[in-house]
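Let me begin by presenting the structure, written as structure tokens, before commenting on it.
The values are calculated or read from the model by the stated rules, or taken from the named source; none is laboratory data. All values reported here derive from a predicted model rather than from experimental measurement. Reconstructed Cβ throughout: ideal geometry from the backbone, glycine too, with neighbour counts over all protein chains shown. Ligands, DNA and RNA are stripped out before the accessible areas are found, and what is left, the full protein with its side chains, is counted by its heavy atoms. Shrake-Rupley method; radii C 1.70, N 1.55, O 1.52, S 1.80 Å.
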Amino acid sequence: MDAQPTASHFIDGAYCDDDAGAPIECIFAATGEVIARLHSATPTIVDRAMESAARAQKEWAARLPVERGRVLRRVADILRERNHELSELETLDTGKPLQETLVADATSGADALEYFGGLAATITGETVPLGGDFVYTIREPLGVCVGIGAWNYPTQIACWKAAPALTCGNAMVFKPSEMTPLCALKLAEIFIEAGAPAGLFNVVQGYGDVGAALATDPRTDKVSLTGSVPTGRKVYAAAADGIRHVTMELGGKSPLIVFDDADIENAVSAAINGNFYSSGQICSNGTRVFVHKAIEDAFVARLVERTRAAKIGDPRDEDTQLGPMISKAQRDKVLSYIEKAKDEGATLAHGGGVPDGFDKGFYIEPTVFTGVTDGMTVACEEVFGPVLSVLTFSDESEVVVRANDTPFGLAAGVFTRDLTRAHRVVAALEAGTCWINTYNLTPVEAPFGGVKLSGVGRENSKAAIEHYSQVKSVYVAMGDVEAPY
């Protein structure tokens, strides 16, 4: 296989490289094979990216909002037209099954670009009457935004950040995860093809030092990160030094609460989607599945039965339902969590190791633990792999307290036929994104983000406009100016 891009970076409308940068190897997770070699950005590359973005931002902000929206909608159209080839690249980049990437990556990115492109001409200020005088407000762009992506959804994350940023008249310099460097480059090509000015959306590859350089560059006005809490702390601190605007979408340890009156089949479906989709590498996953004691046996039996049926295989095969993890290091980390769970007394109901016949690549079985208690490591720390923990409860108030007993607050889910209880429980849960009788659906029309250590700010929906723009107030006096002397 060969997925070698034209060059490592896309800056000012063209590919470019600097061989002096540290090497980056893109590894196909299903085989361990190196499919592309790139270079991390040098200070010269970073400077070129920031300089061209600052220039392009001025040009872009001067365009009529409806013109900006038209370009974003063209990008969305191209993404949909090329969905299959972009999905194949995403599968090579991440190891996620093509069955997933065809419906959840470039297509969701296109949804975001179409949605925000449609909002562009609606972003207006307001008039505040003050008797004869009045105040009017103008919503203005921030300037140059830096986006830092995660490995699990490289195309989607790039679009989720670029769409609201560009809609508001900003430019973006995007740094993908060094483990998934390929997809954002194609997106940058498409922006140029759709009519965006050169430099408006630049892609800069690199490790953490490059992210730090971008976050602290004096030309950076906003930083948006999707990643882990430890990375978020570093980037947040770096951005704060320059009093920059920040959006942080970080990790989670989300609860999925299944009451005794829930539809078990639907709840099991949600638990599968909320733990094993993308091999468990989703920040909002409901990895603490609280099941009412009255239905525990039935729920676990059906969960294990259906999990056994998962088809593990080559992610390039559209029949494959579960692919490899992103890297050997991540797989080994998850396996260590599994061993620790067993050592701490959890019961292994299914999985727990590398599937037979998959010694090549970074595969791991979908794993189900029962008998998990709140203090176990697997119930406290973000595993970021296909590991589901079943905990039991008997009382509503009890489970709400336990669900909230975590420093994270990204997401939560509730399954019950009693909608009054569902709304009551959701109101009490400390999470930024909640679902009732479903899980992990993130339409662009709805705000997405967390509370507590799971982040600050919101992505998607009209709420994102607030995080990529600023308000200028203008006081207009209609009479004479009075003074004491």
Exercise. Name the residue, out of Glu344, Glu445, Glu339, that is out of contact with any Phe, Trp or Tyr (no Cβ under 9 Å at 6 or more places or on another chain), surrounded by fewer than 14 Cβ atoms within 10 Å (Cβ to Cβ) and acidic (Asp, Glu).
Key: Glu339
Quiz prompt | Which numbered condition Asp374 fails, given (1) within 20 Å of Val399 (Cα to Cα); (2) part of a loop (DSSP other than H, G, I, E, B); (3) open to solvent by less than 20 Å² (accessible area, probe 1.4 Å) | solution = (3)
Exercise. Kindly indicate whether Asn404 is open to solvent by 50 Å² or more (accessible area, probe 1.4 Å) and either of a type in the set (Ser, Thr, Tyr) or touching a helix residue (DSSP H, G or I) at 6+ places or on another chain (Cβ under 9 Å) (or both).
Key: no
Quiz item: Do any strands (runs of 3 or more DSSP E) entirely within region 62-160 hold 3 or more residues that are free of Cβ contacts under 8 Å to residues at least 60 places away in the same chain and open to solvent by 50 Å² or more (accessible area, probe 1.4 Å), and if so, which?
Solution: 127-130
Self-check item: Positions within region 378-399 being open to solvent by 20 Å² or more (accessible area, probe 1.4 Å) and assigned to a helix (DSSP H, G or I), in sequence order
Solution: Cys380, Glu396, Ser397, Glu398
Quiz item: Residue check, Glu365 against (1) touching a Lys or Arg at 6+ places or on another chain (Cβ under 8 Å); (2) in a loop (DSSP other than H, G, I, E, B), all met but one. Which one?
Solution: (1)
Quiz item: With Ile35, Ile45 as the choices, which residue is in contact with a His (Cβ under 7 Å, 6 or more places away or on another chain) and touching a residue at least 12 places away in the same chain (Cβ under 8 Å)?
Solution: Ile45
Quiz item: Does region 318-332 contain at least one residue that is part of a helix (DSSP H, G or I), surrounded by 18 or more Cβ atoms within 10 Å (Cβ to Cβ) and either within 28 Å of the chain's Cα centre (by Cα) or at pLDDT below 95 (or both)?
Solution: yes
Self-check item: Enumeration of residues in region 161-185 that are out of contact with any Asp or Glu (no Cβ under 6 Å at 6 or more places or on another chain) and assigned to a loop (DSSP other than H, G, I, E, B)
Solution: Cys168, Gly169, Asn170, Pro176, Ser177, Glu178, Met179, Pro181
Self-check item: Residue among Lys311, Lys360 that is touching a Ser or Thr at 6+ places or on another chain (Cβ under 7 Å), open to solvent by 40 Å² or more (accessible area, probe 1.4 Å) and at pLDDT below 95
Solution: Lys360
Quiz item: Which of the residues belonging to region 19-30 are more than 17 Å from Pro176 (Cα to Cα) and either surrounded by fewer than 21 Cβ atoms within 10 Å (Cβ to Cβ) or β-branched (Val, Ile, Thr) (or both)?
Solution: Asp19, Ala20
Quiz item: Can you tell me which residue in region 35-54 is nearest to Asn202 (Cα to Cα), limited to those that are open to solvent by less than 40 Å² (accessible area, probe 1.4 Å) and outside any helix (DSSP H, G or I)?
Solution: Ala41
Quiz item: Going through region 406-455 one residue at a time, which ones are under 15 Å from the mean Cα position of the chain (by Cα) and under 20 Å from Asn266 (Cα atoms)?
Solution: Ala411, Thr433, Asn440, Leu441, Thr442, Pro443
